[in-house]
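Okay, so here's the structure we're looking at.
The values are calculated or read from the model by the stated rules, or taken from the named source; none is laboratory data. What you are looking at is a predicted structure, and each value in this text was computed from that prediction instead of being measured. Because the Cβ atoms are built from the backbone with ideal geometry, glycine has one as well, and the counts that use them run over all protein chains shown.
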Amino acid sequence: MFWLNFVLIGVIVLVIVYGVRFLLRRAFKIKKSKKEFFSYNHINDLHRKVDWAMRIIIMIVNITLVGMILYENISIAVVVIGLVLLIIGDRLVQAFFEWKYSDNPKEAILTLSDMIVMVLSVVIVSGMNLLNLNLQ
């Protein structure tokens, strides 16, 4: 049942993200930019360096959180706070570089909306225990 809930929640979040993006593109007249599906889409060399530093930090924090979950029995609130902070940090860096250095600075609006939807999704799913996890 966990995997069914997980996939269903993932599909719902994706539909909401693309729906919000569609509405914001129409409201703010944001042109679609060509991006490859599995690419890093760095704005410039500084963005590439900062993004890789963020990825390394995120990896270290995630490994630490998994270790704490397995060996120290931490509360789910700590994990949720960690995930929320990682999402906010990553998306704010992306939005800053899109706003400051890209050819289409309005793309930052879409990145910030993605961040808000993802943060709300994590908080709602964990707060309502939609995955039916045995929480402490």
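Here are the numbers for this structure:
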quantity	calculated
Test: residue in region 47-57 that is of a type in the set (A, V, I, L, M, F, W, C), exposed (fewer than 11 other Cβ atoms within 10 Å of the Cβ) and touching a residue at least 60 places away in the same chain (Cβ under 8 Å)	no
Residue check, I76 surrounded by 11 or more Cβ atoms within 10 Å (Cβ to Cβ), in contact (Cβ under 8 Å) with a residue 24 or more places away in the chain and touching a Lys or Arg at 6+ places or on another chain (Cβ under 8 Å)	no
Region 116-136, subset free of Cβ contacts under 8 Å to residues at least 12 places away in the same chain and either of a type in the set (K, R) or in a loop (DSSP other than H, G, I, E, B) (or both), residue farthest from S33 (Cα to Cα)	N134
In region 72-101, the residues that are modelled with pLDDT under 90 and either more than 16 Å from the chain's Cα centre (by Cα) or hydroxyl-bearing (S, T, Y) (or both)	E72, N73, I74, S75, I76, A77, V78
Candidate set: region 87-108, residues that are in contact with a Phe, Trp or Tyr (Cβ under 7 Å, 6 or more places away or on another chain) and surrounded by fewer than 18 Cβ atoms within 10 Å (Cβ to Cβ); chosen: the one nearest to G19 (Cα to Cα)	K106
Residues (in contact (Cβ under 8 Å) with a residue 40 or more places away in the chain and of a type outside the set (S, T, N, Q)) located in region 86-99	V93, F97, E98
Hey, L65 crowded, with 16+ Cβ neighbours inside 10 Å, touching a Gly at 6+ places or on another chain (Cβ under 6 Å) and free of Cβ contacts under 8 Å to residues at least 40 places away in the same chain or not	yes
